[in-house]
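The values are calculated or read from the model by the stated rules, or taken from the named source; none is laboratory data. Quantities reported herein were computed from a predicted structural model and do not represent experimental measurements. When we count neighbours, we look across all protein chains shown, and the Cβ atoms used for this are built from the backbone with ideal geometry, even at glycine.
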Amino acid sequence: MSGTTSLTGPRAGPEELRQVAARVRRHIIGMIGLAGSGHPGGSLSAADLLTALYFRVLRLNPADPAWPERDRFVLSKGHAAPALYAVLAERGFFPVEELRGLRRLGSILQGHPDMKSTPGVEASTGSLGQGLSFGVGLAAAAKLDRAAWRVYVMLGDGELQEGQVWEAAMSAVHFKLDNLTAIVDCNGLQIDGPVEEVMSISPLVDKWRAFGWNVLSIDGHDMVQILDALETADRQPGRPTVILARTVKGRGVGFMENRAEWHGKAPSGEQLEEALRALGASGGPESPGTAGAAPGGPGPGRDGRSGTRKGKGGGRG
Amino acid sequence: MAAETRRMATRDAYGEELVEIGRENPDIVVLDADLSGSTKTSLFARVFPERFFNTGIAEANMIGIAAGLAAAGKIPFASTFAVFAPGRVYDQIRMSVAYPALGVKIAATHAGLTVGEDGASHQALEDLALARVLPNLTVIVPADGPETRAAVRAAVAHPGPVYLRLGRAPVPVIYPDGRSFTIGRYDVLKEGRDVALVASGIMVDICLQAALSLAADGVLAAVVNASTLKPLDEETLLAVAARTGAVVTAEEHSVIGGLGGAVAEFLSGTLPVPVVRVGVADRFGRSGRPDELLEAYGLTPRAVADAARKAVSLKRA
């Protein structure tokens with residue numbers, strides 16, 4: 001638990017990650033149910049990707065969230081905040097009990113991510129289209145400092161309709177930011193309906209390729225594919241990588257899956273119980289976080305990367 | 001004013017000072033959106049190309065990148081014309097800079113009517129209103145070149161975000177080189193007991209001229225350089241309002257929402273005295289020479305003197 005090993009992620013395998021992701025989904029539904037509002041659909045679609053990042057890929061120190069050499073994750077699709085809060089709590093950035101405060105006055109958990117309120121949140125988001133630019137700035141700073149930390153930005157597919165995303169995409173290639181990985185949670189739905197009907201973003205692979213990115217397409221619920229893509233992205237010299245992750249909005253809760261109306265609505269009463277049952281919860285919505293203990297134990301660093309860090313030690317804490 | 005009054009554009013002072021502080025502080029980085037020759041950031045780019053980021057014509061992305069750089073410990077100066085920042089990128093400033101209070105310094109040039117021939121599309125007359133209403137954002141309007149240099153240094157020392165409003169046209173130099181500058185502290189350039197002329201930017205010199213003509217008529221006007229629009233120097237405002245009992249505000253900006261609005265809001269709740277606002281009367285600019293435009297829009301010593309007489313006449317018997 002001490003020294004450099006505490007600075008790196010628990011090196012969880014795919015099966016363990018699936019178990020964590022199941023807890024994350026229970027947290028998501030539990031906290032949104034308690035709050036009475038929030039965005040379950042896009043939180044559930046992102047749960048596996050976030051779990052892989054926070055329990056395998058990102059190098060972090062939950063005891064020192066400002067550790068200068070940490071990897072940075074930016075949730076550009078800020079409405080998936082419940083998913084981010086769930087992995088941060090499970091990872092030990094703050095007590096799991098804090099999840100009960102989501103969206104309440106006085107809570108550290110704002111309706112959308114606020115880097116000033118919540119330990120581990122790296123960017124304030126919620127107005128779509130801005131996170132990739134922020135990530136470009138972070139990655140450019142790492143390059144200036146010749147630092148080894150990496151930057152990961154998660155966007156929604158509907159979010160790609162924002163023009164600023166493409167300004168940022170252009171600049172990341174121009175500035176040769178190979179320390180930047182974008183992940184698009186392609187759940188295919190936005191508030192007003194299917195992305196392809198509201199405003200088509202096709203052909204997505206061609207668009208990113210034309211902008212000069214290295215493009216990987218995966219199943220965003222398959223842990224093996226997710227881990228493989230994130231590791232591949234780290235080894236692409238000279239240009240950034242985007243992972244287009246096909247996902248299911250509302251994944252894990254049958255009546256929410258592929259339903260646009262569950263973009264920004266909280267389940268209540270029987271629906272809430274049914275959702276939690278579907279996710280294998282033993283406790284009710286009044287006890288989010290009790291449906292499984294945090295694994296806690298940190299492990300050694302990622303393959304091939306742990307030795308490449310600058311030896312700055314355990315941060316400023 | 002002496003006949004051989006030295007003139008200098010505040011944008012020139014900005015560009016030169018950036019190079020100076022760039023030498024002293026390796027964390028200074030500069031961004032521009034294809035206007036570096038006009039904003040004078042090209043001077044910095046020439047000396048420190050690795051710390052200069054040209055985003056092309058993509059202001060939203062520029063602000064987002066600046067925010068990311070600031071989050072990673074850099075001190076970014078982001079420059080474009082004042083019509084584009086804050087106007088075009090208002091949500092990016094609000095979400096990515098002001099809300100998380102990141103230390104981005106937005107140095108916008110070509111503010112106000114004195115842009116001249118380019119006309120209304122390029123004449124920002126509402127930028128101060130937009131900037132002032134954002135929490136956490138410090139708003140500075142230097143009166144001349146030496147004050148601009150000092151304000152740039154003050155912005156570097158200030159940890160939070162700053163909006164620095166600069167002009168295109170050469171303006172009379174009021175202060176000696178090496179002027180000291182404190183954010184939120186006003187300079188009383190001239191004492192007077194009958195009326196206080198509270199001015200910013202190019203209107204400071206115009207108010208000094210107005211005070212001379214008023215003195216010839218026996219009206220003794222104080223002249224205050226209100227170079228920080230936010231935070232207001234409440235102490236100095238209260239002192240001059242109490243001493244004179246009548247206030248005129250003067251700015252190269254709409255009479256709505258800028259210095260006039262801020263002073264009126266403050267004094268109406270603390271020391272209600274007549275406040276007469278000189279500025280652009282709720283309309284867009286147009287093409288013309290800067291001096292012609294100032295005359296046409298009533299930003300002249302004569303207009304200020306008229307406003308001063310009106311303010312004096314409104315004093316309670």
Q | Test result for B:Arg185, out of contact with any Asp or Glu (no Cβ under 6 Å at 6 or more places or on another chain) and either of a type in the set (D, E, K, R) or part of a strand (DSSP E or B) (or both) | A | no
(Q) For region A:190-200, give me each residue that is without any contact (Cβ under 8 Å) to a residue 60 or more places away in the chain and surrounded by 18 or more Cβ atoms within 10 Å (Cβ to Cβ). (A) A:Val195
Q) Looking at region A:118-170, which of the residues that are closer than 24 Å to A:Glu231 by Cβ and among the acidic types (Asp, Glu) is surrounded by the fewest Cβ atoms within 10 Å (Cβ to Cβ)? A) A:Asp145
Q) What is the one condition in (1) under 24 Å from B:Val139 (Cβ atoms); (2) buried (at least 16 other Cβ atoms within 10 Å of the Cβ) that B:Glu265 does not satisfy? A) (2)
Q: Would you be able to tell me the number of residues in region A:66-89 that are among the β-branched types (Val, Ile, Thr) and either surrounded by fewer than 24 Cβ atoms within 10 Å (Cβ to Cβ) or under 12 Å from A:Thr51 (Cβ atoms) (or both)?
A: 1
Q. Which condition does B:Leu125 not pass, out of (1) surrounded by 21 or more Cβ atoms within 10 Å (Cβ to Cβ); (2) on the phi > 0 side of the Ramachandran plot, if it passes all the others?
A. (2)
**Q.** Residue ID - nearest to the chain's Cα centre (by Cα), chosen from residues in region A:224-243 that are surrounded by fewer than 22 Cβ atoms within 10 Å (Cβ to Cβ) and in a helix (DSSP H, G or I)
**A.** A:Leu227
Q: Go through A:Leu180, A:Leu138 for me and flag whichever is over 15 Å from the mean Cα position of the chain (by Cα) and aliphatic (A, V, I, L, M).
A: A:Leu138
**Q.** Near pairs, Cβ below 7 angstrom, 6+ apart or cross-chain, from region B:261-276 (closer than 20 Å to B:Val133 by Cα) to any residue that is part of a loop (DSSP other than H, G, I, E, B) and at pLDDT 95 or above
**A.** B:Ala262/B:Leu232; B:Phe266/B:Leu232; B:Leu267/B:Val273
Q: Look through region B:71-96, keep the residues that are of a type in the set (A, V, I, L, M) and over 22 Å from B:Glu20 (Cα atoms), and return whichever of them is farthest from the chain's Cα centre (by Cα).
A: B:Ala72
**Q.** Which numbered condition A:Val136 misses (of (1) among the β-branched types (Val, Ile, Thr); (2) more than 14 Å from every other protein chain (Cβ to nearest Cβ); (3) under 29 Å from A:Gln164 (Cβ atoms))
**A.** (2)
Q: Select from region B:223-251 the residues that are under 18 Å from B:Ala211 (Cβ atoms) and free of Cβ contacts under 8 Å to residues at least 24 places away in the same chain and list them in ascending order.
A: B:Ala239
Q | Yes/no for B:Ala67 being within 21 Å of B:Gly145 (Cβ to Cβ) and modelled with pLDDT of 95 or more | A | no
Q) Would you pick out the residues in region B:190-216 that are touching a helix residue (DSSP H, G or I) at 6+ places or on another chain (Cβ under 8 Å) and acidic (Asp, Glu)? A) B:Asp194
Q: Give region A:147-203 a look and list any residue that's of a type in the set (A, V, I, L, M, F, W, C), assigned to a strand (DSSP E or B) and in contact with a Lys or Arg (Cβ under 8 Å, 6 or more places away or on another chain), or say none.
A: A:Val151, A:Met154, A:Leu155, A:Leu180, A:Cys186, A:Leu189
Q: Name the single residue, out of those in region A:170-189 being touching a residue at least 60 places away in the same chain (Cβ under 8 Å) and of a type in the set (Gly, Ala, Ser), that is farthest from the other protein chains (Cβ to nearest Cβ).
A: A:Gly188
Q: Collect the residues in region B:265-296 that are in a loop (DSSP other than H, G, I, E, B), within 21 Å of B:Lys230 (Cβ to Cβ) and within 20 Å of the chain's Cα centre (by Cα), keeping them in residue-number order.
A: none
